[in-house]
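A short worksheet on the structure shown next.
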Amino acid sequence: MADIFESTGIVLLYGLVGLAVMVLGYLALDLVTPRRLTSVIWSERNKGAAIVFSGQLLGVGIVVHGAIRASEFQSGLGYGLISTLLYGMAGVVVMTLVFAVVGILTPGKMGATVMEDENGRPHPAAWVQGALYIATAIMLVAALS
């Protein structure tokens, strides 16, 4: 029975680390978009911003998953939690850099472009950027293995 409680505690700790990385990911995305994501998605109901944010959340989740799997359980729980946090933060940094590079290589400002919503339809760039977050996360996880 003690093993169940210990395992549950470990799951909760890794969950908190994952949540912290997701919050950092949200803050990073909010910095590279022209307006507050909470307003744009929840108040304005902007589908393009929701697509990009969803892709980023999936990407961060993929990176955290890979980081947990790659964490050094043999070195102890503390080391595993710290390595997961650091790998996750590195993933957020790389995904944010990818967003910025794509913004440089494409016409217009990427942050503004992905938030364009014409007649309730998101700009195609939103889908591309959302997929780019997921693709970047998959590459990062491959680097962890």
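Residue 34 meets each of the listed conditions (1) part of a helix (DSSP H, G or I); (2) open to solvent by 20 Å² or more (accessible area, probe 1.4 Å); (3) within 19 Å of residue 118 (Cα to Cα) apart from (1).
Listed here are the helices (runs of 4 or more DSSP H) enclosed by segment 46-145 that have at least 2 residues being in contact with a strand residue (DSSP E or B) (Cβ under 6 Å, 6 or more places away or on another chain) and closer than 23 Å to residue 19 by Cβ, and there are none. In the set (1) surrounded by fewer than 20 Cβ atoms within 10 Å (Cβ to Cβ); (2) within 18 Å of residue 26 (Cβ to Cβ); (3) of a type in the set (Ser, Thr, Tyr); (4) touching a helix residue (DSSP H, G or I) at 6+ places or on another chain (Cβ under 7 Å), residue 43 fails one condition alone, (4).
The values are calculated or read from the model by the stated rules, or taken from the named source; none is laboratory data. Keep in mind it's a predicted model, so treat the numbers as computed, not measured. With ideal geometry, Cβ positions are generated from the backbone for all residues, glycine too; neighbour counts draw on all protein chains shown. These accessible areas exclude ligands, DNA and RNA; they are computed on the full protein's heavy atoms, side chains included. Shrake-Rupley method; radii C 1.70, N 1.55, O 1.52, S 1.80 Å.
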